[in-house]
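Trainee: Can you read through this structure? Questions will come right after.
The values are calculated or read from the model by the stated rules, or taken from the named source; none is laboratory data. Values in this document were obtained by computation on a predicted structure and should not be read as measured data. So basically every Cβ, Gly included, is an ideal-geometry build from the backbone, and we count neighbours across all protein chains shown.
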Amino acid sequence: MFFWAFVIGGLLCVIAQLTLDLFPLTPAHVLVLFVVIGAVLGGVGLYGKLVSFAGAGATVPLTGFGYTLVTGVGEAVKTKGVLGLLTGGLTAAAGGIKAAVLFGLAASLVFKPKV
Amino acid sequence: MATKSQHQTDEMQEYQKMAQEMRPKKPLLKNVLLAFFIGGFISEVGQGVQWFFMQHGMSAKEATSPVTVVMIGLGALLTGLGWYDRVVKYGGMGGSLPVTGFANAMVAPAMEFRTEGLVLGVGAKLFTVAGPVLAYGLAAAFVVGLIRWLVTGVA
């Protein structure tokens, strides 16, 4: 698992780097693209396979965020029906999103930019 | 007429060629190698955190959310200290694609625009990159979920 986490995590970043260098896109465009790719690959069941053998190598890159959103939607639809299409994504990603907002807010209030 | 347009395209091609040669070449191989090792290393740290949670009785799936929380915390802290910007400078997407880079993309502009106030500075700039990522991520998850629900009936 530790070996594949490094290799897959590294390779996903290589694909992102190539996308950035070979196409006229900004890093923000690449991040958005990768979240969408993660959601699509998660939806067809491919990304789940990657997660099961590469662990954090697949969940730490932002594609894993798209995967989390789409698996959350899937699970919520199973238990709650159609409403799950709306509630599932954010429920599954709630921890990450709230942590990002809280830590982000705290860090930008505590630290001063170095210039 | 035909010769004239021919002449022009020749000139244009020559110019294109010249512009191509003048353009600074991106050190593609170096960028790719740095992205691989830095992205791989950050993923490895995430795997270490996941291993820690799994030692404490969580399954790999249960550990995913707390691992993300820890990595985002690390990314926000290192950005605040001014170190993560260097990781992105050298690692390129190797620094930006992991969730630590997502945290960096939130904190860095929020810190920079603090002078514009707590609401329109910090509050708004936290979402310069996170906003689009969430918007399109959620939209994609909805569409993919909807298609899967329509096709399989379950999702």
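Yes or no, residue by residue, for (1) modelled with pLDDT under 95; (2) buried (at least 17 other Cβ atoms within 10 Å of the Cβ):
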{"position": "B:M1", "(1), (2)": "yes, no"}
{"position": "B:Q20", "(1), (2)": "yes, no"}
{"position": "B:L33", "(1), (2)": "no, no"}
{"position": "B:G40", "(1), (2)": "no, yes"}
{"position": "B:S43", "(1), (2)": "no, yes"}
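Trainee: Are any of the residues in segment B:135-152 over 26 Å from A:G95 (Cβ atoms) and facing another protein chain (nearest Cβ under 8 Å)? Can you show your working first?
Mentor: Initially, segment B:135-152 is screened for residues over 26 Å from A:G95 (Cβ atoms), giving B:147, B:150-152.
Cutting the leftovers down to facing another protein chain (nearest Cβ under 8 Å) gives us B:147.
Within segment B:135-152, one or more residues are over 26 Å from A:G95 (Cβ atoms) and facing another protein chain (nearest Cβ under 8 Å).
Trainee: Among the helices (runs of 4 or more DSSP H) contained in segment A:2-91, which hold 2 or more residues that are more than 7 Å from chain B (Cβ to nearest Cβ) and surrounded by fewer than 22 Cβ atoms within 10 Å (Cβ to Cβ)?
Mentor: Of the helices (runs of 4 or more DSSP H) lying wholly inside segment A:2-91, those with at least 2 residues that are more than 7 Å from chain B (Cβ to nearest Cβ) and surrounded by fewer than 22 Cβ atoms within 10 Å (Cβ to Cβ) span A:2-22, A:27-43, A:46-54, A:63-80.
Trainee: Identify, from the list B:R86, B:R114, the residue that is of a type in the set (K, R), surrounded by fewer than 24 Cβ atoms within 10 Å (Cβ to Cβ) and more than 30 Å from A:L22 (Cβ to Cβ). Working first, answer last.
Mentor: Working: B:R86 fails: more than 30 Å from A:L22 (Cβ to Cβ).
Residue meeting the stated conditions: B:R114.
Trainee: Residues being in contact (Cβ under 8 Å) with a residue 24 or more places away in the chain, among the hydrophobic types (A, V, I, L, M, F, W, C) and more than 17 Å from B:V45 (Cβ to Cβ): count how many of those fall in segment A:46-64.
Mentor: 2
Trainee: May I pose another question? Counting just the residues of segment B:117-155 that are among the small types (G, A, S) and outside any helix (DSSP H, G or I), which one comes out surrounded by the fewest Cβ atoms within 10 Å (Cβ to Cβ)?
Mentor: Per the criteria, the residue is B:G153.
Trainee: Oh, and also: Which condition breaks for A:A94 when tested against (1) among the aliphatic types (A, V, I, L, M); (2) within 7 Å of chain B (Cβ to nearest Cβ); (3) free of Cβ contacts under 8 Å to residues at least 12 places away in the same chain?
Mentor: Looking at each condition in turn, A:A94 falls short on (2).
Trainee: What are the residues in segment A:42-63 that are more than 24 Å from B:W149 (Cα to Cα) and of a type in the set (A, V, I, L, M, F, W, C), if any?
Mentor: Hits for segment A:42-63 are A:F53, A:A54, A:A56, A:A58, A:V60, A:L62.
Trainee: Looking for something hydroxyl-bearing (S, T, Y), surrounded by fewer than 24 Cβ atoms within 10 Å (Cβ to Cβ) and outside any helix (DSSP H, G or I) - is there at least one such residue anywhere in segment B:59-71?
Mentor: Within segment B:59-71, one or more residues are hydroxyl-bearing (S, T, Y), surrounded by fewer than 24 Cβ atoms within 10 Å (Cβ to Cβ) and outside any helix (DSSP H, G or I).
Trainee: Further question on the same structure: Of the conditions (1) closer than 24 Å to A:L105 by Cα; (2) under 16 Å from the mean Cα position of the chain (by Cα), B:A124 satisfies every one except a single condition; which number is it?
Mentor: It fails just one condition, (2).
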